[in-house]
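The values are calculated or read from the model by the stated rules, or taken from the named source; none is laboratory data. A quick note: this is a predicted structure, and the numbers were derived from the prediction, not measured. We place every Cβ from the backbone using ideal geometry, glycine too, and count neighbours over all the protein chains shown. Calculation scope for accessible area: heavy atoms of the full protein, side chains included, ligands and nucleic acids excluded. Shrake-Rupley method; radii C 1.70, N 1.55, O 1.52, S 1.80 Å.
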6 protein chains.
Amino acid sequence: MTRAETFEPGTTGIVVQNIRRADQTIIDGLAECGVATVHEAQGRKGLLADYMRPVYSGTRVAGSAVTILAPPCDNWMLHVAIEQLRAGDILVLGTTSPSNAGYFGDLLATSAMARGCRGLIIDAGVRDLRDLEEMGFPVWSKAVFAQGTIKETLGSVNIPVVCADALVNPGDIIVADDDGVCVVRRDEAADVLEKSRAREANEAGKRARFAAGELGLDIYDMRGRLADKGLKYV
Amino acid sequence: MTRAETFEPGTTGIVVQNIRRADQTIIDGLAECGVATVHEAQGRKGLLADYMRPVYSGTRVAGSAVTILAPPCDNWMLHVAIEQLRAGDILVLGTTSPSNAGYFGDLLATSAMARGCRGLIIDAGVRDLRDLEEMGFPVWSKAVFAQGTIKETLGSVNIPVVCADALVNPGDIIVADDDGVCVVRRDEAADVLEKSRAREANEAGKRARFAAGELGLDIYDMRGRLADKGLKYV
Amino acid sequence: MTRAETFEPGTTGIVVQNIRRADQTIIDGLAECGVATVHEAQGRKGLLADYMRPVYSGTRVAGSAVTILAPPCDNWMLHVAIEQLRAGDILVLGTTSPSNAGYFGDLLATSAMARGCRGLIIDAGVRDLRDLEEMGFPVWSKAVFAQGTIKETLGSVNIPVVCADALVNPGDIIVADDDGVCVVRRDEAADVLEKSRAREANEAGKRARFAAGELGLDIYDMRGRLADKGLKYV
Amino acid sequence: MTRAETFEPGTTGIVVQNIRRADQTIIDGLAECGVATVHEAQGRKGLLADYMRPVYSGTRVAGSAVTILAPPCDNWMLHVAIEQLRAGDILVLGTTSPSNAGYFGDLLATSAMARGCRGLIIDAGVRDLRDLEEMGFPVWSKAVFAQGTIKETLGSVNIPVVCADALVNPGDIIVADDDGVCVVRRDEAADVLEKSRAREANEAGKRARFAAGELGLDIYDMRGRLADKGLKYV
Amino acid sequence: MTRAETFEPGTTGIVVQNIRRADQTIIDGLAECGVATVHEAQGRKGLLADYMRPVYSGTRVAGSAVTILAPPCDNWMLHVAIEQLRAGDILVLGTTSPSNAGYFGDLLATSAMARGCRGLIIDAGVRDLRDLEEMGFPVWSKAVFAQGTIKETLGSVNIPVVCADALVNPGDIIVADDDGVCVVRRDEAADVLEKSRAREANEAGKRARFAAGELGLDIYDMRGRLADKGLKYV
Amino acid sequence: MTRAETFEPGTTGIVVQNIRRADQTIIDGLAECGVATVHEAQGRKGLLADYMRPVYSGTRVAGSAVTILAPPCDNWMLHVAIEQLRAGDILVLGTTSPSNAGYFGDLLATSAMARGCRGLIIDAGVRDLRDLEEMGFPVWSKAVFAQGTIKETLGSVNIPVVCADALVNPGDIIVADDDGVCVVRRDEAADVLEKSRAREANEAGKRARFAAGELGLDIYDMRGRLADKGLKYV
């Protein structure tokens, strides 16, 4: 539960080159569990804001965050970040000021995929949706907008960034699916995976009982507490 | 056009157990007509706000409303409501204060389906989208968000609730499809179905004429009134 | 880069009957290029606001704009506009005051298709989504809402309209796909197509290099300028 | 806690002429307590949505609701409603479909004030702000917008309306101040006033203790329960 | 009702130096009438979107528009525009893509005031609110935000711009007060002023009758038409 | 530019008791400079989102952040935080999930003022506006809403929190005025104050030149670069 990051969110002009990443089998395990389970398993924290939606549905991924702080309407740092990608990473972009411009499209997706990137989480806009879906490159974004961007102002790569209300450190694990996006701290990842697996096992049993017609009121033994609170049936 | 409900919207701590429902054949008829037709047939009333969108598209359902008033970020009353479900019902949840939390997911859907529930209309968030679609359980919601909820504060079940700008009484008929959600009063349902059928018949004739190239200007005899209002062709 | 339109945006009570249109082969060429490419090729202008989304995805169209200025919640002018359609046109509707009402559904779509219309761009709401998709009539809108409209107040047809932050003149070319909507001035269309083709050719080469693992940093020769701006690798 | 209204929300074409009102001394008492106290005293219900803001600040009023259901962009029913006003009433307007148009300005305010009206709660827009403030006529609205409205379609007066997420019955008491707007059921008004007074008395004592430096942790005896929940001081 | 502008909205890199302006006495007359009256007098057109609010209240101004098209987060063109100001002008800024950045503060206000500028209408953000109010420089904006801007990309000055849903040509008259902002075409200004004066005279008579207790139902002779539409009193 | 915080944003159940604070004279100096100047002086970072507005205008404050992470609709942690306040502090509240509920009113303000607190920054709602203004306790919030909150779930005090898109560490300096809210890192405060003072001195000279009618084009020597970019005067 401790951290010792080197750079403050908001710092510009920095590229951190060798970030630490979690074990890939842990990351893959978290992907299997999905956003809702991982969010619950780590104590209901880590969700990005609900406006972050997949640009096409049906995908579930996890990866190590390569983070980007970018100026509004300026996608220069994406090019810088792609060089820092390793197979299994996910790009996470926050901005220094709100923007819905189209920072990312099919060419950058081609470049990112060539380096093994598993997806993009961007608190801004993207374009070339048809290409992104055909390529199978998943994106969660705030907007779809074709607005072109410039390359004039520095941001940073691999410093902590605020993305859609959540702080993401480089090397944190991103889990994303149709429910949205969740971040897991790197040093909590193994523990969160274990708790997620336990939750899944527990839910499997519950699901069978629910399917058989049992009620949550009985499975969770809620009737007494509801009566204590004063619930009246009429 | 009269009503005599027992409880006020906003009342908490009450579960009404035996609500009256409309005839199932009427309900099924309304489902066939769909939201836009039913809305028009009953005099352009009953629509829920346009932010209520299906979490996956392609479904058209109708059912009797089992209503839920729930506190923000607290899904306890959903468990209470599920016990009140009968085959053919639709859950309708309004909140005492705005919330986008994830009140409902695959376990509650399993439980609701086990009791014959046809869907959920929720002025808040849901999660487990992939599961909901695989199970074929349709949901119209304000948000998709995995945020977990608590079980601490009472609301009510089967009292009138305001859901997405509309008042829904228990036992009212809910019609929902890709166009959104519409509520029909129980005692108006038969009349609304009749008018919906009439509208459909009328539109079938119109559609053929439109398809053959006739203009609305002529079909609806609009040219004179447009000229009277002063429309000028240049 | 000049224009000499006859009527002001906001003028009501006017129908301009014989607008000039661009050459159909140019229009079809722009459709092949798509929104993002055309937007870039014409100097990053012409995009409609990002809230204009396709009601179903996977379509790419272009056509000559038949423009409509309509009062809030009043779809009368759509009937007037349909008479002005020629094969290959796209309807573009702006309102005199904001509205999310359902101006357009399956009957009007049937009528528009009967006259060769390729789609609708509407800064308001539509309904009958299932029908629109089955008919293959593409729509980009601000809202999906079944709310019925009235026919009481005049607007205009084929005058310049502001639609989702963009000025659209009658006869301008509309390009629309999953990325949104872009408008091209009629007298710039040939030039924009040429630049779009050039951009596509250029991007094809780039895409191959990106796919082979080359970096944007090198392809676009960015390293020196980044260093000049002070970017530090740590 | 029961009700027996005659007309459904959404019904159009009706004017209910002689509604019952609460005792004026109770209404005036509620005005003195203000929105936050009344909301708490009646069990945290009755608030209108937070987008309902005063168009100028510093006013606190209460009155009996004369309700209006109005079509979008059509203010005809306001004229009908003003005839139904008695001294001490407050106009409450909900719409059949969302609208931000300017339904109300200085002329209607003059007319309403001439009949003793204390204010307007409107889930739409108003205009002539300078005049309204100079006249001392308070308004809580969703928007300030000068957009003119038409007089074409019937709504209703003095039926239950949904206004900004809350159901308001004719004759309910409206309390409004800089914190927003709260509705109190007519038959609960005396009870709510009594509880509001009790709450005020209780808070006066608490305020003195807080001002003297005592902590809520001690005044409300929270330390044990916090520790039980696991709060750790480090 | 005709126009013949030289440059298209969206064109960049152009400064038009000598625009035509309306007669100053007409402009001052429009300022006295205010936004709501002018909007009505010109046939309910010309309003900017309702999100354009004064940063401090109590001001009413009119002036000739010096228009600015600016890139997102880039205020370079404001410096260019200020050179084009003459006494009595109002700056009107639209952006090529949405931005809430703080384009304008006390230094630019000082510069604009030194040239006789009467105010700013900006579809983006401003800062230094305290200074602006102390200086008495009125601003209507989409946002208040201190975010700094850059000076890298060209826009244009004195071409037609879309600002908050309205097209504004250079030299058009801007009227702005607490109700919002309205644009009047230069060649319609004299006519609009005459109609505004007539409306004011008409309203003065109406106001006296309303204040004396007469009803709009009688003043406007609405009862018969309401009955014809089917309004029922119960 | 380094940091070594002990707890992660999102951690619950923790109260850090003795945080480090910046020198009070530095804090007071930053208050004099105001948000826009401080934001610029520290390299255009640190702004909270523009939806954070003062509930009444005309105040400018700075103080050391005592941070609060609170669950949605649950204000328990505010009581815990107030015990941690020292004279000169500012409360900063972020939530674990979005909420507009009324976490804070006159009683908590009385308690906070009794301990020397200078204000509240809250990414949620507040109430009792009239009292807050009369007491002179300044608040910047996302919403004004009287909705009552509960005391059921733990959050944390004095851990880093994300508040309105910005990361705030305990002991960071908050500067707030009518332009919004800006955060300054504790260990950068002295440097930022020095740069802010320099900026103010520089702007004073500029202001005099602007007031005398000099143009930014000349003061900043922009004409050459504009011409190089291709700006054309016509």
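For this structure, a couple of remarks:
- Prolate/oblate/rounded call for the range C:6-162, Cα gyration tensor, a/c under 1.5 rounded: rounded
- Taking B:Ala189, B:Ala112, B:Ala208 as the candidate residues, the one with maximal mean-square fluctuation in a Gaussian network model of chain B, Cα springs under 10 Å, is B:Ala208.
- Residues of type lysines that E:Lys195 reaches as a straight line, Cα spacing below 22 Å, ignoring anything fewer than 8 places off in the same chain: B:Lys229, D:Lys151, E:Lys45, E:Lys206
- Oblate is the label for the range A:115-193, because the ratio a/c of its alpha-carbon gyration tensor axes (a ≥ b ≥ c) is 1.5 or higher and a/b is not greater than b/c.
- Between B and A, accessible area buried - total, square angstrom, nearest 100, 1.4 angstrom probe: 3200 Å²
- Placing a label point 7 Å from Cα along the Cα-to-Cβ direction at B:Arg207 gives distances to the equivalent points in the other copies of 3.9, 3.9, 5.6, 6.6, 6.9 nm, listed shortest first.
- Of all DSSP beta bridges confined to the range C:25-182, the antiparallel ones make up roughly 45%.
- Label geometry 7 Å along the beta-carbon vector: D:Gly116 inter-copy distances in nm: 5.5, 5.6, 5.6, 6.8, 8.1
- The chain B residue nearest the rotation axis shared with chain C, using its Cβ and rounding the distance to whole Å, is B:Ser57, 6.
- Percent breakdown of C-alpha pair distances by 10 Å bin, ordered from the shortest bin, for the protein assembly as shown: 2, 8, 16, 22, 24, 18, 8, 2, 0
- Separation between Cα centres of the range E:166-234 and the range A:163-208, rounded to whole Å: 59 Å
- Applying 1/(1 + (r/R0)^6) with R0 = 35 Å to the Cβ-Cβ distance of F:Gln17 and C:Ala227 gives a FRET efficiency near 0.15.
- Remark: mean inter-chain Cβ contacts per residue of C:32-45 equal 5, using a 10 Å Cβ-Cβ cutoff to other protein chain atoms.
- Per residue, the accessible area of the protein assembly as shown comes to 32 Å², computed with a 1.4 Å probe over protein heavy atoms only.
- Global form of the range F:82-131, assessed from the alpha-carbon gyration tensor, a/c cut-off 1.5: oblate
- In nanometres and ascending order, the distances from the D:Ile219 label point to those of the other copies are 4.4, 5.0, 5.0, 6.4, 6.8 (point 7 Å from Cα along Cα→Cβ).
- Net charge of neighbours whose Cβ lies under 13 Å from the Cβ of F:Tyr220, counting Lys and Arg as +1 and Asp and Glu as -1: 0
- Share of carbon and sulfur in the accessible area of the protein assembly as shown stands at 46%, probe radius 1.4 Å.
- Chain E: most fluctuating residue of E:Arg86, E:Arg197, E:Arg209 per GNM, C-alpha cutoff 10 Å: E:Arg209
- Separation between Cα centres of the range D:90-110 and the range D:46-62, rounded to whole Å: 15 Å
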